[in-house]
Amino acid sequence: MSLIRSVLLAAAALPALMPSLPAEAPVKTSSLGQQYAGIVRIENAAIQPDYRTPWNGARPTGGTGTGFLIGPNRFLTNAHVVSNSTRLLVRRVDDAKPHLAKIEFIAHDCDLALLSLQDPAPFDGVAPLPLEASLPLLDSEVVAVGYPVGGDRISVTRGVVSRIDFRPYSHSGVDQHLAIQVDAAINPGNSGGPVMQGGKVVGVAFQGYSGAVAQNVGYIIPGPVVARFLEDIKDGSYDHYADLAIADFPLQNPAMRRALGLPENGMGVLVARVDGTGSCAGVLQRGDVLLEIDGQPIASDGFIEFNGERVNMNEIVERKFAGDRIRLKYWRNRTEGEAEVTLKRLTSYLMQANLYEKRPEYLVYAGLVFQPLDRNLLGAFNLTDDNVRYFFNYFGPKELAKERPQPVVLTQVLPDAINTHFDGVEGKLVDTINDVKITRMADLVTALEKSDGPFVRIHLVGEGRPLVLDRARATAASERINAEYGVSEPAYLEP
């Protein structure tokens with residue numbers, strides 16, 4: 001659920017109305033406040049990195065959301081509520097006093113975060129909200145509690161569970177996990193709040209559709225996803241989701257099944273691609289038919305029977321961790337085979353993910369601005385070059401990371417006499433600089449520092465002509481250009 005964005009202003013302390021009152025008068029809470037005392041309003045003062053001028057400070061932004069107490073000084077909320085944070089404030093129901101909080105763990109792939117307070121004393125005696133790890137039944141009633149549309153008072157809405165399915169998680173933009181659809185109102189500000197049933201939390205509100213797309217459709221992160229996040233961080237770090245790293249397709253066409261020699265039993269999905277760096281590399285092959293996963297038969301639409309529910313087969317993988325082993329049964333060349341694979345995280349897809357808590361990398365040389373390709377950069381510049389789009393769209397599927405682990409784009413030319421006649425080159429991939437292959441940002445430094453000769457020759461992918469700079473003049477001009485355009489730091493590369 002997108003936050004309502006606003007710059008947060010520091011609240012001035014109110015003078016005491018009655019001098020005889022103690023400095024910390026007891027907070028009197030309403031009956032609703034007592035019932036939901038563990039549910040808090042979160043205010044996030046954040047910064048938004050500027051990818052168009054990455055040498056400048058990020059612009060301030062912020063928003064509000066909801067969180068709730070799940071244990072001693074442990075507050076659960078959405079990752080998108082607290083992303084890019086510089087200051088977090090938590091407020092209790094019916095209490096205007098803010099409490100400074102910090103992020104203990106954040107998981108952008110499943111949109112969850114765990115917070116703690118600098119001083120947890122105000123929540124002494126407040127009962128944590130109990131978590132339910134199992135899924136609620138379809139058509140059963142749930143209650144969503146939170147602070148929608150930036151309100152200062154708690155809000156309670158009711159609805160029913162209308163669907164349980166794998167859904168895209170909008171925060172990362174690339175991950176899919178189990179999600180529960182409800183018709184209870186899920187509005188901006190509800191994000192991170194508990195959705196309850198029978199006094200227990202069955203999910204965390206996190207996204208929904210606007211009225212122009214669908215009516216009364218909201219989504220909550222269900223108990224199994226929450227439980228996995230909390231289990232993952234028990235060792236003091238978040239290790240992310242593991243992945244089979246295959247592309248599979250339903251196998252329901254009768255002619256195709258006969259061509260593969262499969263029985264007409266409605267079981268099995270076709271393996272269309274196996275990532276060469278993923279968990280199944282060297283085990284499964286393109287054209288295999290996946291029949292079982294951890295002993296669970298896979299229907300031809302990719303669903304299995306799991307814990308009494310019919311769910312996507314990836315739910316088996318979802319509940320495991322990197323390093324866990326999983327058994328597969330497959331069909332190849334009209335023969336059954338079995339194998340065991342060790343699950344690991346797939347990182348190539350992060351090229352297409354929204355990034356948070358990350359300073360943009362860049363390097364400016366003679367007014368030429370070089371930046372690594374990722375989703376944030378693509379959105380900031382609306383890059384349309386065919387080669388750039390190809391690398392972005394197929395970075396994972398075609399394993400382009402083997403060729404260029406970090407594709408570099410010439411995003412801008414800051415006009416100066418040294419770089420005249422460089423028209424039409426912005427937004428293109430960098431191929432080589434003085435015959436040094438540019439596969440990542442660090443290669444720029446190598447090419448510019450170690451190559452000799454009077455000229456710097458830059459070749460761009462798909463551009464027939466090279467860009468040629470006079471080395472001596474370019475080095476001298478860089479300082480002038482940086483001063484003119486306010487480039488306080490000529491480069492930032494991650495260690």
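See the values below:
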| read-out | value |
| --- | --- |
| Test: residue in region 73-91 that is of a type outside the set (Lys, Arg) and free of Cβ contacts under 8 Å to residues at least 24 places away in the same chain | no |
| Single residue of Ala483, Ala472, Ala447, Ala442 found to be among the small types (Gly, Ala, Ser), part of a helix (DSSP H, G or I) and surrounded by 19 or more Cβ atoms within 10 Å (Cβ to Cβ) | Ala447 |
| Residue satisfying all of: in region 181-210; at pLDDT below 90 and assigned to a strand (DSSP E or B); farthest from the chain's Cα centre (by Cα) among these | Gly208 |
| Matching entry among Val388, Val369, Val311 (being farther than 30 Å from Leu460 by Cβ and either out of contact with any His (no Cβ under 7 Å at 6 or more places or on another chain) or buried (at least 20 other Cβ atoms within 10 Å of the Cβ) (or both)) | Val311 |
| Top-ranked residue of region 139-162 - restricted to ones that are modelled with pLDDT under 90 and surrounded by fewer than 16 Cβ atoms within 10 Å (Cβ to Cβ), ranked as nearest to Asn307 (Cα to Cα) | Val149 |
| Which listed residue, of Val430, Val425, Val456, Val461, is surrounded by 15 or more Cβ atoms within 10 Å (Cβ to Cβ), out of contact with any helix residue (DSSP H, G or I) (no Cβ under 9 Å at 6 or more places or on another chain), modelled with pLDDT of 90 or more and not small (Gly, Ala, Ser) | Val425 |
| Near pairs, Cβ below 8 angstrom, 6+ apart or cross-chain, from region 325-338 (outside the structural domain of Glu264 (by TED's automatic domain parsing)) to any residue that is hydrophobic (A, V, I, L, M, F, W, C) | none |
| Filter result for the condition that a residue is in contact with a strand residue (DSSP E or B) (Cβ under 8 Å, 6 or more places away or on another chain) and at pLDDT 95 or above, over Phe123, Phe75 | Phe75 |
| Conditions (1) hydrophobic (A, V, I, L, M, F, W, C); (2) in a helix (DSSP H, G or I); (3) under 30 Å from Lys234 (Cα atoms): number failed by Ala255 | (3) |
| Yes/no for Gln406 being crowded, with 17+ Cβ neighbours inside 10 Å, touching an Asp or Glu at 6+ places or on another chain (Cβ under 9 Å) and under 30 Å from Leu244 (Cα atoms) | yes |
| Test for Asp239: is it at pLDDT 90 or above, surrounded by fewer than 19 Cβ atoms within 10 Å (Cβ to Cβ), outside the structural domain of Arg327 (by TED's automatic domain parsing) and not in a helix (DSSP H, G or I) | yes |
| Residues (buried (at least 20 other Cβ atoms within 10 Å of the Cβ) and hydrophobic (A, V, I, L, M, F, W, C)) located in region 38-65 | Ile39, Val40, Ile42, Ala46 |
| Residue within region 317-335 that is at pLDDT below 95 and touching a Phe, Trp or Tyr at 6+ places or on another chain (Cβ under 6 Å) present | no |
| Total residues in region 133-154, condition part of a loop (DSSP other than H, G, I, E, B) and farther than 17 Å from Tyr36 by Cβ | 8 |
| Subset of region 217-236 (residues that are surrounded by fewer than 19 Cβ atoms within 10 Å (Cβ to Cβ) and aromatic (Phe, Trp, Tyr)) | none |
| Test for Tyr349: is it touching a residue at least 12 places away in the same chain (Cβ under 8 Å), assigned to a helix (DSSP H, G or I) and among the hydroxyl-bearing types (Ser, Thr, Tyr) | yes |
| Selection count where residues are surrounded by fewer than 23 Cβ atoms within 10 Å (Cβ to Cβ) and out of contact with any strand residue (DSSP E or B) (no Cβ under 7 Å at 6 or more places or on another chain), scope region 163-176 | 3 |
| Output for region 280-299, where each listed residue is surrounded by fewer than 24 Cβ atoms within 10 Å (Cβ to Cβ), in contact (Cβ under 8 Å) with a residue 40 or more places away in the chain and touching a Lys or Arg at 6+ places or on another chain (Cβ under 6 Å) | Leu291 |
| Evaluation of Pro54 against (1) part of a loop (DSSP other than H, G, I, E, B); (2) farther than 22 Å from Pro122 by Cα; (3) touching a helix residue (DSSP H, G or I) at 6+ places or on another chain (Cβ under 9 Å) (one fails), failing number | (3) |
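Table: residues versus (1) under 23 Å from Val283 (Cβ atoms); (2) touching a Lys or Arg at 6+ places or on another chain (Cβ under 6 Å); (3) modelled with pLDDT under 95.
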site: Val341; (1), (2), (3): yes, no, no
site: Glu361; (1), (2), (3): no, no, no
site: Phe370; (1), (2), (3): no, no, no
site: Pro397; (1), (2), (3): yes, no, yes
site: Val409; (1), (2), (3): no, no, no
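The values are calculated or read from the model by the stated rules, or taken from the named source; none is laboratory data. On a predicted model such as this, the values are computed, not experimentally measured, just so you know. Cβ sites come from the backbone with ideal geometry, for glycine too, and all protein chains shown count toward neighbours.
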